[in-house]
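The values are calculated or read from the model by the stated rules, or taken from the named source; none is laboratory data. The model shown is predicted, which means the values in this text are computed figures rather than measured ones. Every residue, glycine as well, gets a Cβ built from its backbone with ideal geometry; the counts of neighbours run over all protein chains shown.
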Amino acid sequence: MEKTKYLLDKINIDDIPKLDNAILKRALRRAKYEENAHIDWPQAHCNYGDHSDHSNYGDWN
Amino acid sequence: MGKDNSSSHELTAIVKPTESCNFACKYCYVDQEADKEKMTIETAEKMTEFLLNGRDRITIIWHGGEPLLMGVDFYKRIYDFQREKLTEGKMIKNLIQTNGSLLNDEFVDFFKYADFKVGTSIDGPKEIHDMQRVYKDGRGTYDDVCRGIDLAMSKLGNIGTISVITKNNIYRMQEVYDFIKEKKIKDMKLNPFFADGRGKENEDELSINPRVFGEECIKIFDEWYGSNEPFVEIKNLQDYINRLVSPHLGPCIFQHNCREKFLSVNHKGDVYPCGRFSYEQEFKLGNVYTSSLDDVQSSPVNDQFEDRPEKTRKCSKCDVSSYCNGGCPSSAYTYTGKILAPDYFCKSFNMLFKHVEKKIYDDAQKSGLIK
């Protein structure tokens, strides 16, 4: 494991659309968004279908 | 209300307005002797003021027990009170985690109107679900839960689900995953069984090995991640990706200091560090009638959580602990009686972080994002 090295810090964020995997692409887009907004830590023991909260991250594809 | 760049004004309160439940699930962390009292509207209002006086952005997770046993009027009244108390710069988001059986048109219409996000629990197909989520007389709850989920889905568009993984379904996680997808639910969690409360009494029947949980989760991760299907999210697996991508993402259990952002309030207004500690008197931080949010956050009770990953010997030597931070302190306490111990599911965290890291770095390399 690469201690405290995060993928977002290692890439050029303008390259995110080049990613083939849409699930990873979504995570990077969220991370890019969260860096400039509030930090949201989901609570591990609940799950409330908050997809709509993420609609402002743009197109997941 | 506009966003700001500060996270220090945010707090999530896990509120337990009642510990009563119409179910008797075999793994429930509330024990048989749960207090049957309910939160009064006066205490709910006092709690709202307590929270808003301390933070600007509040998320309330209505939990339990079964929170719908409070009746829809309780939520209508507290929602109106919240609106009255919201001043410039303040925000409250409401979420509710229900077993789903009591969802009806009145509840769902109100949740839609008031923008309450809804989470429910379903453990897979009927045969699996009815083995562990049962009424007090032993009858399975599947039919009533599905009726509630279908109603909520039809009116709200999407809800979240939690499926608890026990000895009954650990080798059937693929069936659980397929089942939730077939129900068109986009947002699921596969949470491992914890031996607490009633779950402790049924530990032999339900307990799972963390290594096996890790192995089975890796199979599901590969299926889901490999499907390249972003519209279905397995939250507890997405959490590993998120945590490896950015320090700003990840669930409460992987944060260095979850106490900064979470607390729990029970029906009496007593405040605890988390819903999972709210049955342990020694962790009580204060009460909404007599304490301020600053009082409870600076309580000496909280000191024992300070720098937990660094103070826990096994974590201080682990190459994954910078990502998982030792996991959930409640899990550690439940299984060892100590806060300064790793999460019971430490082994599965280790396996999953290493597996997921390899997957995402391989993909980033293949797509030319890193060399």
When you scan segment B:29-37, do you find a residue that is within 14 Å of chain A (Cβ to nearest Cβ), surrounded by 15 or more Cβ atoms within 10 Å (Cβ to Cβ) and farther than 19 Å from B:ILE159 by Cβ, even just one?
yes
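Closer than 20 Å to B:ASP343 by Cβ and either within 21 Å of the chain's Cα centre (by Cα) or surrounded by 20 or more Cβ atoms within 10 Å (Cβ to Cβ) (or both): does that describe B:LEU244? Even if it seems obvious, please write down each step before you answer.
Numbers: closer than 20 Å to B:ASP343 by Cβ: yes; either within 21 Å of the chain's Cα centre (by Cα) or surrounded by 20 or more Cβ atoms within 10 Å (Cβ to Cβ) (or both): yes.
It is true that B:LEU244 is closer than 20 Å to B:ASP343 by Cβ and either within 21 Å of the chain's Cα centre (by Cα) or surrounded by 20 or more Cβ atoms within 10 Å (Cβ to Cβ) (or both).
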Spot the failing condition for B:GLY157; the list is (1) surrounded by 15 or more Cβ atoms within 10 Å (Cβ to Cβ); (2) facing chain A (nearest Cβ under 10 Å), and only one is missed.
(1)
Among (1) among the basic types (Lys, Arg); (2) exposed (fewer than 15 other Cβ atoms within 10 Å of the Cβ); (3) under 21 Å from B:PHE194 (Cβ atoms), there is one condition B:ARG276 misses while meeting the rest; what is its number?
(2)
Given the residues B:MET91, B:MET70, B:MET131, which is the only one that is surrounded by 15 or more Cβ atoms within 10 Å (Cβ to Cβ), in contact with a Pro (Cβ under 6 Å, 6 or more places away or on another chain) and among the hydrophobic types (A, V, I, L, M, F, W, C)?
B:MET70
Which count do you get for residues in segment B:240-260 that are in contact with a strand residue (DSSP E or B) (Cβ under 9 Å, 6 or more places away or on another chain) and more than 7 Å from chain A (Cβ to nearest Cβ)?
1
Is one or more of the residues making up segment B:295-308 at pLDDT below 95, under 30 Å from B:LEU190 (Cβ atoms) and not in a helix (DSSP H, G or I)?
no
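Report yes if some residue within segment B:357-364 is in contact with a helix residue (DSSP H, G or I) (Cβ under 8 Å, 6 or more places away or on another chain), among the acidic types (Asp, Glu) and either within 19 Å of B:GLY275 (Cβ to Cβ) or within 12 Å of chain A (Cβ to nearest Cβ) (or both); otherwise report no. Walk me through how you get there before you give the answer.
Pass one, segment B:357-364, residues in contact with a helix residue (DSSP H, G or I) (Cβ under 8 Å, 6 or more places away or on another chain): B:357, B:359-361, B:363-364.
Keeping just the survivors that are among the acidic types (Asp, Glu) gives B:357, B:363.
Okay, now just the ones that are also either within 19 Å of B:GLY275 (Cβ to Cβ) or within 12 Å of chain A (Cβ to nearest Cβ) (or both), so B:357, B:363.
Yes: one or more hits.
Working only within segment B:8-24, note down all residues that are within 12 Å of chain A (Cβ to nearest Cβ) and of a type outside the set (Asp, Glu).
Of segment B:8-24, the ones within 12 Å of chain A (Cβ to nearest Cβ) are B:8-16.
B:SER8, B:HIS9, B:LEU11, B:THR12, B:ALA13, B:ILE14, B:VAL15, B:LYS16, listed by residue number.
Could we say that B:LYS189 is over 27 Å from B:LEU151 (Cα atoms) and basic (Lys, Arg) here? Break it down into steps so the answer makes sense when it comes.
Numbers: over 27 Å from B:LEU151 (Cα atoms): no; basic (Lys, Arg): yes.
When the stated conditions are applied, B:LYS189 does not pass them.
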Restricting to segment B:38-60, name every residue that is hydrophobic (A, V, I, L, M, F, W, C) and out of contact with any Pro (no Cβ under 9 Å at 6 or more places or on another chain).
B:ILE41, B:MET47, B:PHE50, B:LEU51, B:LEU52, B:ILE58, B:ILE60
Hits in segment B:232-291 (condition: in a loop (DSSP other than H, G, I, E, B), under 30 Å from B:ASN158 (Cβ atoms) and modelled with pLDDT of 95 or more)
B:HIS267
(1) among the acidic types (Asp, Glu); (2) outside any helix (DSSP H, G or I); (3) touching a residue at least 24 places away in the same chain (Cβ under 8 Å); (4) farther than 30 Å from B:SER207 by Cα: which one isn't true of B:GLU88, the others all being true?
(3)
All-but-one check, B:ARG211 against (1) within 10 Å of chain A (Cβ to nearest Cβ); (2) assigned to a helix (DSSP H, G or I), failing number (1)
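Of the residues B:ASP150, B:ASP187, which single one is at pLDDT 95 or above and not polar (S, T, N, Q)? Give the steps one after another, and end with the answer.
On the way: B:ASP187 fails: at pLDDT 95 or above.
Testing whether each residue is at pLDDT 95 or above and not polar (S, T, N, Q) leaves just B:ASP150.
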Test B:PHE231 against the criterion of being facing chain A (nearest Cβ under 9 Å) and either buried (at least 23 other Cβ atoms within 10 Å of the Cβ) or in contact with a strand residue (DSSP E or B) (Cβ under 7 Å, 6 or more places away or on another chain) (or both), and give yes or no.
no
